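Below is a structure I'd like to ask you about.
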Amino acid sequence: MKTVLFLVNAAPYCRECFAALGNALIERQFKVVYAVESRISDMMSNVALPGRVHYFSDSFRELRVRSDSEARSSAPGESWETLFSDFDRMLTFNVPIRGDRNYFRDAVRGLGTFFEKILLTEDVSCVIYEGVSNSFSQAAYETCRRLGRRYLALAPARIPGRIEFQASGYPENEKYLRTYRRFLEEGLPEDIAQEVKNYLATFDQAVPDYMKHNGLDELSLMNKYWNREKLAIVWRGLKCSLFAGDERPFSYQYGNPLDYSWAYFRRALARKYRLRRIEQFFTEPNPGEKYFLYPIHFHPEASTSIYAKHYVDELGVIKNIAFSLPLDAVLYVKEHPSAVALQETAFYRTLSRLPNVRLIRAGQNTKKLIRGCQAVVTLTSTVGYEAVILKKPVVVLGDVFYEWVRSCVKIDGYKSLRGAIDQCDRIAPLSQDELRAFVGACFYHSEPGAFDFRLIAQRPELLDQLVPRLVENLLQQKRE
């Protein structure tokens, strides 16, 4: 009997999704266990987890009580980098940070010990979560690597209606590259060739699932917050504030749930009233103008705080790009459709003052902008992937699965930016065979289905579609 470990932390609907998946796997003779960030998760949800539960807060409590953190040395490989994504989130939302240096150092040290104990005592063969997106999942992934266990990341694919089962928590460039080369040499299998043909024929209408269902573009405060679901979250958060005083000090991610509820509302409120103020800084595309395209990214999320952590200061990124362009070109900076007005007003004002930067509204057709640009410059964005499909050069700053494509130039820092931009003029468009091989690799390494914590928890038909493919994946090695 294979043992599967699900990770449950403060991510919305993570618990509900993995409870449903856990029940389904138990019915299919798997042993299911859970690693949960803290017992506050139990108070914030009325959904019971069907397997044995290990709480990090219990382990963390013991660690803090019995040890002098200053006296203990760090284990090999431990660093503050583990906490980068968590602090990117906390600082972005401006929530209270309720721990000192020793507290968070103990959290990093304790996570590795916590996961090692679970993997060994429960004889876990596979850990399941989404891609590495926070310190909890990063520690689990690193422990899996050290002990030779699988970390299986579930993720929506860039292609609508498809899901990826990633064999690691990070972009799997080599896997895609191997398949691409094989398809380029041998041709596409007939079934994949037909799917690629249909996808390319309708590409202008294609929208990835994670852009359809995230709800991040909702600007109405009433629609967003005045509903039974959000009020229930606030009520549970209030109960945690009143009755979980003994648990909160050892919940290094959750802390006080009301802190985040208030931070989310405060951010949405500021966004609502910022919309009119920033409108003056946006302009329309100028026909005939030579431009490079940079898409603003959503913050905070793993695409930046994990896969492009050296570039999370987006204002600094844009300034470096703008002042690396040739003198006859400008930079179009397109607002992210899910992040409209989330940046401070000063961010938009500063960009509008740069002599060769044009702020472009989120509603402008992105694929039309890609077709008209000299090249796309991006961290990890879907816009970069779309530019590959549309045979445009792409300068990549972060870590993303398409960075190896011939039309992409991956840089190792700002010092390489000017040369990479100049190189774009010398990149020939992808051939149709190259394009078909790339898209074919994307189909080959994905499956029909959908993955989203909330949708899986609330729509049984999506769960029924996902489970057989998950079981098949757990019982055999992923195809390469």
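Between a first residue in the range 350-371 that is more than 16 Å from Y291 (Cα to Cα) and a second residue that is crowded, with 20+ Cβ neighbours inside 10 Å and of a type outside the set (S, T, N, Q), which pairs have beta carbons less than 6 Å apart while being 6 or more apart in sequence or on different chains?
A362/E335
Conditions tested, residue by residue: (1) at pLDDT 85 or above; (2) in a loop (DSSP other than H, G, I, E, B); (3) out of contact with any Lys or Arg (no Cβ under 8 Å at 6 or more places or on another chain); (4) not assigned by TED's automatic domain parsing to the domain that holds I389.
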| position | (1), (2), (3), (4) |
| --- | --- |
| Y210 | yes, no, yes, yes |
| E229 | no, no, yes, yes |
| R236 | no, no, yes, yes |
| G245 | no, yes, yes, yes |
| Y254 | no, yes, no, yes |
| S261 | yes, no, yes, yes |
| F265 | yes, no, yes, yes |
| A268 | yes, no, no, yes |
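Counting only residues that are under 18 Å from S125 (Cβ atoms) and either at pLDDT below 95 or β-branched (V, I, T) (or both), how many does the range 7-28 have?
1
Quick one: which residue in I118, I159, I128 is within 30 Å of L470 (Cα to Cα), of a type in the set (A, V, I, L, M), more than 20 Å from the chain's Cα centre (by Cα) and crowded, with 17+ Cβ neighbours inside 10 Å?
Details: I159 fails: more than 20 Å from the chain's Cα centre (by Cα); I128 fails: more than 20 Å from the chain's Cα centre (by Cα).
Matching residue, one of I118, I159, I128: I118.
Take the residues of the range 232-270 that are of a type in the set (S, T, N, Q) and closer than 18 Å to D86 by Cα: which is surrounded by the most Cβ atoms within 10 Å (Cβ to Cβ)? Let's see the steps before the verdict.
Residues of the range 232-270 of a type in the set (S, T, N, Q): 241, 251, 253, 256, 261.
Then keep just the ones that are closer than 18 Å to D86 by Cα; that gives 251, 253, 256, 261.
On the way: S251: 24, Q253: 21, N256: 19, S261: 18.
Within the range 232-270, the match that is surrounded by the most Cβ atoms within 10 Å (Cβ to Cβ) is S251.
Further question: Looking at A201, A232, A268 in this structure, which one is of a type in the set (G, A, S), without any contact (Cβ under 8 Å) to a residue 60 or more places away in the chain and closer than 27 Å to K367 by Cα? Before you say what the answer is, go through the steps one by one.
On the way: A232 fails: closer than 27 Å to K367 by Cα; A268 fails: closer than 27 Å to K367 by Cα.
Of the residues listed, the single one that is of a type in the set (G, A, S), without any contact (Cβ under 8 Å) to a residue 60 or more places away in the chain and closer than 27 Å to K367 by Cα is A201.
Limited to the range 212-227, what total is found for residues that are surrounded by fewer than 17 Cβ atoms within 10 Å (Cβ to Cβ), under 26 Å from the mean Cα position of the chain (by Cα) and either at pLDDT 80 or above or assigned to a helix (DSSP H, G or I) (or both)?
4
In the range 94-108, how many residues are buried (at least 16 other Cβ atoms within 10 Å of the Cβ) and not small (G, A, S)? Spell out how you get there, then give the answer.
First, the residues of the range 94-108 that are buried (at least 16 other Cβ atoms within 10 Å of the Cβ): 95, 103-108.
In the following step, the residues that additionally are not small (G, A, S) were identified as 95, 103-106, 108.
So the answer is 6.
Any residue at all in the range 179-193 that is among the hydroxyl-bearing types (S, T, Y) and in contact with a Ser or Thr (Cβ under 8 Å, 6 or more places away or on another chain)? Walk me through how you get there before you give the answer.
First pass over the range 179-193, keeping only residues among the hydroxyl-bearing types (S, T, Y): 179-180.
From what's left, in contact with a Ser or Thr (Cβ under 8 Å, 6 or more places away or on another chain): none.
No - not one qualifying residue is present in the range 179-193.
Something else: What strands (runs of 3 or more DSSP E) lie completely within the range 1-68 and have 1 or more residues being small (G, A, S), within 28 Å of A232 (Cα to Cα) and touching a residue at least 12 places away in the same chain (Cβ under 8 Å)?
Numbers: elements: 3-8, 31-36, 52-55.
The strands (runs of 3 or more DSSP E) meeting that bar are 31-36.
Right, another one. Between L184, L200, which is surrounded by fewer than 16 Cβ atoms within 10 Å (Cβ to Cβ) and not polar (S, T, N, Q)?
Working: L184 fails: surrounded by fewer than 16 Cβ atoms within 10 Å (Cβ to Cβ).
Answer to the selection: L200.
Give the number of residues within the range 412-452 that are surrounded by 19 or more Cβ atoms within 10 Å (Cβ to Cβ), β-branched (V, I, T) and over 20 Å from P189 (Cβ atoms).
1
Condition first: over 22 Å from P171 (Cα atoms) and either out of contact with any Gly (no Cβ under 7 Å at 6 or more places or on another chain) or at pLDDT below 95 (or both). Can you find one or more residues in the range 375-389 that meet it?
Yes: the range 375-389 contains one or more residues that are over 22 Å from P171 (Cα atoms) and either out of contact with any Gly (no Cβ under 7 Å at 6 or more places or on another chain) or at pLDDT below 95 (or both).
If the requirement is being assigned by TED's automatic domain parsing to the domain that holds G316, more than 19 Å from F438 (Cα to Cα) and over 21 Å from the mean Cα position of the chain (by Cα), which of these qualifies: R361, R406? Please lay out each step first, then the result.
Numbers: R406 fails: more than 19 Å from F438 (Cα to Cα).
Criteria check complete, one pass: R361.
A follow-up question, please. Going through the range 27-50 one residue at a time, which ones are of a type in the set (A, V, I, L, M) and more than 23 Å from E116 (Cα to Cα)? If you could, list the steps in order and put the result at the bottom.
Initial filter on the range 27-50 (of a type in the set (A, V, I, L, M)): 32-33, 35-36, 40, 43-44, 47-49.
M43, M44, V47, A48 - these are the residues of the range 27-50 that are of a type in the set (A, V, I, L, M) and more than 23 Å from E116 (Cα to Cα).
Which one is nearest to S85 (Cα to Cα) among residues in the range 271-291 that are part of a helix (DSSP H, G or I) and of a type in the set (F, W, Y)?
Our first condition is that a residue be part of a helix (DSSP H, G or I); within the range 271-291, this holds for 271-281.
Retained after the next criterion (residues that are of a type in the set (F, W, Y)): 273, 281.
Numbers: Y273: 28, F281: 30 Å.
Looking at the filtered set, the residue picked out is Y273.
Residues are listed down the side, and each one gets a yes or a no for (1) at pLDDT below 95; (2) within 24 Å of R150 (Cα to Cα):
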{"site": "L5", "(1), (2)": "no, yes"}
{"site": "D42", "(1), (2)": "yes, no"}
{"site": "L63", "(1), (2)": "yes, no"}
{"site": "D68", "(1), (2)": "yes, no"}
{"site": "F87", "(1), (2)": "no, no"}
{"site": "T92", "(1), (2)": "yes, no"}
{"site": "F115", "(1), (2)": "no, yes"}
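Still on this structure, please answer the following. Residues that are farther than 30 Å from F93 by Cβ and among the basic types (K, R): which helices (runs of 4 or more DSSP H) entirely in the range 312-415 hold 1 or more of them? Spell out how you get there, then give the answer.
Values: elements: 314-322, 345-353, 366-372, 382-389.
Passing ranges, in order: 366-372.
Also: Just wondering, is there one or more residues in the range 153-163 that are outside any loop (DSSP other than H, G, I, E, B) and touching a His at 6+ places or on another chain (Cβ under 7 Å)? I'd like the intermediate steps shown before the answer.
At the first step, the residues of the range 153-163 found to be outside any loop (DSSP other than H, G, I, E, B) are 153-156, 162-163.
When the remaining residues are screened for being touching a His at 6+ places or on another chain (Cβ under 7 Å), the result is none.
Checked the range 153-163: no residue is outside any loop (DSSP other than H, G, I, E, B) and touching a His at 6+ places or on another chain (Cβ under 7 Å).
The values are calculated or read from the model by the stated rules, or taken from the named source; none is laboratory data. What you see is a predicted model; the values in this text were computed from it and never measured. Ideal geometry is used to build each Cβ from the backbone, glycine not excepted, and the neighbour counts take in all protein chains shown.
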